[in-house]
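Trainee: This is the structure, below, for whatever I ask next.
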């Protein structure tokens, strides 16, 4: 039986290797790579004539992820119009190879369409009108014609920054701000529970799976309800809370986008260290996310307890 299995494995391996077929050559350095990169340097430096010199007369530019099956792509004139648009609308432009990446030129043996270049680059810029920041990788495929000109270009990038840029051209609202609301009352009652050391009451306003984070944590870290309760209980063993006083007034924001419900509030927490009677004031900004049932699902605390170690 073992012999039969071994023979089958050998046959399978042989079939797999027999399916390998070379279909051309991949170049790390090639004049076509130089041409594609030089075209973009000219494009972003505002030299339209030089950028045009690298493009075929029948050049077409396509999105790599089109929804329109009949898309004809943008022509040479349309593409070169982007040179003026960038000059007028973008600042701090940088277009370089992505870190650790380099382009490939691929010369297919059995492809009548000729030479292709594929690149992985990174674009950084800021839109002059909106201040929207572009900081993203871009993957492109270039098809070269027999005259070593760029004939076709396919771009794969993130459309969200461009969409945000277009949205920012018009003024629009994004919900309602309340100065009085039951969710604000909930935050006040929760903070009141903390001020009086009533741990169970304070944390009763949160969902069971609520998460907590503050400036003393690394980005991405958070505590569960039980972890936050335990930490606060431990804090009360070493410090007396004299008062937690609101600064200004809380805002409740009901956003149209993502239907988010958020209370923002500002506080001064006055505490006394039990060991030596030293007093501290801890300023804090709190943001609380609410669900539709009026329970808090998330607390982001813009405060730090690091100063409490002072002598």
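Trainee: Tell me which residues, restricted to segment 41-57, are crowded, with 18+ Cβ neighbours inside 10 Å and more than 19 Å from residue 147 (Cβ to Cβ).
Mentor: Within segment 41-57, 43, 44 qualify.
Trainee: So, residue 110, is that one at pLDDT 95 or above, surrounded by fewer than 15 Cβ atoms within 10 Å (Cβ to Cβ) and more than 30 Å from the chain's Cα centre (by Cα) or not? Please lay out each step first, then the result.
Mentor: Numbers: at pLDDT 95 or above: no; surrounded by fewer than 15 Cβ atoms within 10 Å (Cβ to Cβ): yes; more than 30 Å from the chain's Cα centre (by Cα): yes.
Judged against the criteria, residue 110 is not a match.
Trainee: Identify, from the list 38, 125, 101, 52, the residue that is more than 30 Å from residue 171 (Cα to Cα), touching a residue at least 12 places away in the same chain (Cβ under 8 Å) and touching a strand residue (DSSP E or B) at 6+ places or on another chain (Cβ under 7 Å). Give the steps one after another, and end with the answer.
Mentor: Details: 38 fails: touching a strand residue (DSSP E or B) at 6+ places or on another chain (Cβ under 7 Å); 125 fails: more than 30 Å from residue 171 (Cα to Cα); 52 fails: touching a strand residue (DSSP E or B) at 6+ places or on another chain (Cβ under 7 Å).
101 is the lone residue from the list that is more than 30 Å from residue 171 (Cα to Cα), touching a residue at least 12 places away in the same chain (Cβ under 8 Å) and touching a strand residue (DSSP E or B) at 6+ places or on another chain (Cβ under 7 Å).
Trainee: Where residues in segment 181-213 are free of Cβ contacts under 8 Å to residues at least 60 places away in the same chain and within 17 Å of residue 292 (Cα to Cα), which of them is nearest to the chain's Cα centre (by Cα)?
Mentor: 208
Trainee: Name, by its number, the condition in (1) within 20 Å of the chain's Cα centre (by Cα); (2) crowded, with 16+ Cβ neighbours inside 10 Å; (3) farther than 17 Å from residue 45 by Cα that does not hold for residue 133.
Mentor: (2)
Trainee: Residue 268 is checked against (1) closer than 17 Å to residue 307 by Cβ; (2) free of Cβ contacts under 8 Å to residues at least 24 places away in the same chain and fails just one. What number does that condition carry?
Mentor: Every listed condition holds for residue 268 apart from (2).
The values are calculated or read from the model by the stated rules, or taken from the named source; none is laboratory data. The shown structure was predicted, so the numbers you read here are calculated from the model rather than taken from an experiment. Neighbour counts are summed over all protein chains in view; Cβ atoms, including those assigned to glycine, are modelled from backbone coordinates with ideal geometry.
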